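A.B. asks: Got a structure for you, questions after.
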Amino acid sequence: MKHGVIVEMGPDLLKAPGEEVLDAAGRYIAPGGIDAHTHLDMPCGDITTADGFRCGSLAAIAGGTTTVLEYAECAEGETLQQGLANWHRKAVGKSFCDYGFHMTVSAWTEDTPAQMAAAAAAGVTSFKTYTAYQKDIGVDDYALFRIMREAARLGALVCVHCENDGLLRALSEDLEARKGEVSAHPDSRPNLVEAEAVSRAADIGMLAGSAVYIVHISTKEGAEAVRRARDRGQTIFGETCPHYLLLDRSRYDLPGFEGAKYVMSPPLRTPEDQHALWEALRNGGLQTVSTDHCAFRFADQKTLGREDFRKIPNGIPSVEHRMELLYTYGPAQGMTLPQIAAVTAWNPARIFGLSHRKGQIAPGYDADLVLLDPDAPHVLSAAAQMQAVDYTPYEGMQVRAKVETVLLRGQVLMENGRLTAETPMGQYLIREPFHQETREE
Ligand code: URP
Ligand code: ZN
Ligand code: ZN
């Protein structure tokens, strides 16, 4: 390794003077995780997510994730450039892991093309849209088409949060009488609310000639819609998250307000959906597993929705636990280790313009490495986490794989389970344009 980059691989390499040797006997050596979906230091009404870049990135490193792709957004009336500048300020000098930004586009105006072009030139080669929340940050079909066509022109791709806005608004209104029940949350967003929006986003992407990335797919039907679009030759990718794979909607029936810990959108689904998502990861129907890490404290933030499920801040923490969960439960679900490395590192790298330096263990690549002990049973708990939040949705869950040692660009930031990182050395990553041939791999 030289200057943080892998130069040579093979057995019995000679140790140069001053070089350190890490003993990886009996360990998996995985490419540093790339979590393509985080929300750090994100405002939400009058509150802000519990994890900023400092704690969130330390938690990422502790969990074997060396790069995050964070969703930057604009405050009302700001340009994309102002929003990006704000997110740079949040991250610079604070992040322990490398980071890049997706940029949320929440309207189409005559200035939008120039702003998108400036963002892409600055290495932000993916844009985020919401089909839900149209009274706030969401976009209608007209704007989505325009944004997608512009992204295609710029060599960028469009990430879409897929829920049908009209349906979920109507269904939420209909649940007025149950507004004090957390279990009304999943009922306001049945599977077809997601699936309809995935199919529609895929169709609009096809018409616009844009590469599309569907974030946080939670349903069998949503995964099938991505598969159909891929089968007709479209450039489209699907992401799911550990919580949709490992937790189900019975969590909303927990006593009292406990279920609020699991309120995110889309919501947790059924074991049948979980089964379909694992199958899609095995057969290439879905390409990535990201966390959608969006942490709100249970004690004083989730409680904002105690009287009305529609006011529970949406989102859960998990940037720290994704790798251990995937390297534990992936093999149990029939995934091979290369498949797990692909969905946690290589696929996000190639989809999001980082495949020239991240996501693989090979000469020329950043020495972002994770040593995992595959047989170190332990229990996940909030008491043991770095995430600056008072709970984990995985409390009490047994995992076997344990992240022991983490290197970012050759620097050891965690060794034998002990964080050694002292100063934030995370770098902003200028991402390359999207390459159409990525579809074919
Ligand atoms: O509930 C969620 N997923 N919160 C984070 C924001 C988003 O929609 O991705
Ligand atoms: Zn979303
Ligand atoms: Zn998100």
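The values are calculated or read from the model by the stated rules, or taken from the named source; none is laboratory data. Computed from a predicted structure; not experimentally measured. Please note: Cβ atoms are built from the backbone with ideal geometry, for glycine as well, and neighbour counts cover all protein chains shown. These accessible areas exclude ligands, DNA and RNA; they are computed on the full protein's heavy atoms, side chains included. Shrake-Rupley method; radii C 1.70, N 1.55, O 1.52, S 1.80 Å.
A.B. asks: For region 28-429, calculate the relative contact order in percent as a whole number, restricting contacts to Cα pairs under 8 Å that are 6 or more residues apart.
C.D. replies: Values: 903 pairs, mean separation 85.8, N = 402.
It rounds to 21 percent for region 28-429.
A.B. asks: Same structure again: When the helix-only estimate is applied to the chain (DSSP H runs of n ≥ 4, each -39,500 (n - 2.57), divided by the residue count), what is the mean residue ellipticity at 222 nm, nearest 500 deg cm²/dmol? Don't skip to the end; give the middle numbers.
C.D. replies: On the way: 13 runs with 129 residues, N = 441.
About -8500 deg cm²/dmol.
A.B. asks: With charges set only on the Cβ (+1 for Lys and Arg, -1 for Asp and Glu), what does the dipole of region 28-429 come to about its Cα centre, in debye to the nearest 20?
C.D. replies: On the way: 37 positive and 50 negative charges, 154 e Å.
Dipole about the Cα centre, nearest 20: 740 debye.
A.B. asks: Using Stokes-Einstein with the Kirkwood hydrodynamic radius over Cα pairs, what translational diffusion coefficient do you get for region 28-429 at 10 °C and a viscosity of 1.306 mPa s, in µm²/s rounded to a whole number? Provide the component values of the computation, followed by the final result.
C.D. replies: Working: Rh = 20.9 Å.
Roughly 76 µm²/s, to the nearest whole number.
A.B. asks: Just to make sure I understand: if all protein chains stay in place, what is the order of K261, K311 by accessible area at 1.4 Å, largest first?
C.D. replies: Details: K261 35, K311 130 Å².
Order by accessible area, largest first: K311, K261.
A.B. asks: Separate question: Along the positive direction of the dipole of the chain (beta-carbon charges: Lys, Arg +1; Asp, Glu -1; about the Cα centre), which of T131, A151, C241 reaches farthest?
C.D. replies: A151
A.B. asks: Kirkwood hydrodynamic radius of region 51-103 from all distinct Cα pairs, in Å?
C.D. replies: Details: mean 1/r = 0.0879 Å⁻¹.
One over the average 1/r among Cα pairs gives 11.4 Å for region 51-103.
A.B. asks: Can you list which of the trypsin sites (Lys or Arg not before Pro) found in region 322-393 are DSSP loop residues with at most 11 other C-beta atoms within 10 Å? Please report the intermediate quantities before stating the final value.
C.D. replies: Numbers: sites: R322, R350, R357, K358; in loops: R357, K358.
Here no loop site has a sparse enough neighbourhood.
A.B. asks: Still on this model: Over the chain, what is the percentage of antiparallel beta bridges among all DSSP beta bridges, to the nearest 5? Spell out each step's value before the answer.
C.D. replies: Details: 20 of 48 bridges.
For the chain, the DSSP antiparallel bridge percentage is about 40.
A.B. asks: Sequence-distant or interchain residues sharing an amide H contact under 5 Å with H102, placed H: which?
C.D. replies: HN-HN under 5 Å from H102: E70, Y71, A72.
A.B. asks: Using only the heavy atoms of the protein chains and a 1.4 Å probe, how would K302, K220 rank by accessible area, largest first? Write out the running numbers ahead of the final one.
C.D. replies: Numbers: K302 0, K220 70 Å².
Most to least solvent-accessible, the answer reads K220, K302.
A.B. asks: Explain nothing, just compute: Karplus ³J(HN,Hα) = 6.51 cos²θ - 1.76 cosθ + 1.60, θ = phi - 60°, for every residue of region 287-302 in order, whole Hz, x for Gly and Pro.
C.D. replies: Per residue, the Karplus-derived 3J(HN,Hα) values read 10, 9, 10, 10, 9, 6, 4, 8, 8, 10, 5, 6, 5, 10, 10, 4 Hz.
A.B. asks: Just need the Rg to Rh number for region 178-286, please, alpha carbons only, Kirkwood Rh.
C.D. replies: Working: Rg = 14.8 Å, Rh = 14.4 Å.
Using Cα coordinates only, the ratio equals 1.03.
A.B. asks: Here's something else I'd like to know. For a quick check of your reading of the filter: which GluC sites (Glu not before Pro) in region 252-319 sit in a DSSP loop and have no more than 13 other Cβ atoms within 10 Å? It would help to have the intermediate numbers written out before the result.
C.D. replies: Numbers: sites: E258, E272, E279, E307; in loops: E307.
Counting only loop positions with at most 13 other Cβ atoms within 10 Å, the GluC sites (Glu not before Pro) in region 252-319 are E307.
A.B. asks: For the cross-link pairs K220/K358; K261/K358; K135/K261; K2/K402; K128/K179; K261/K311, which exceed 22 Å when the distance is taken from alpha carbon to alpha carbon?
C.D. replies: Working: K220/K358 30 Å; K261/K358 33 Å; K135/K261 26 Å; K2/K402 27 Å; K128/K179 30 Å; K261/K311 13 Å.
From K220/K358; K261/K358; K135/K261; K2/K402; K128/K179; K261/K311, over 22 Å: K220/K358; K261/K358; K135/K261; K2/K402; K128/K179.
A.B. asks: Compute, for T303, the solvent-accessible surface of its heavy atoms (probe 1.4 Å) with the complete set of protein chains present, and express it in square angstrom to the nearest 10.
C.D. replies: 40 Å²
A.B. asks: So how do H161, H378, H275, H435 rank on accessible area, 1.4 Å probe, biggest first, that is with the largest at the start?
C.D. replies: Details: H161 5, H378 40, H275 120, H435 70 Å².
These residues rank, largest area first, as H275, H435, H378, H161.
A.B. asks: Given a cut-off of under 8 Å on Cα pairs at least six residues apart, what relative contact order in percent is computed for region 56-164?
C.D. replies: Taking the mean separation of contacting Cα pairs over the length of region 56-164, I get 24 percent.
A.B. asks: For region 112-171, calculate the relative contact order in percent as a whole number, restricting contacts to Cα pairs under 8 Å that are 6 or more residues apart. Before the final figure, lay out each step's value.
C.D. replies: Numbers: 65 pairs, mean separation 24.3, N = 60.
It comes to 41 percent, rounded to a whole number.
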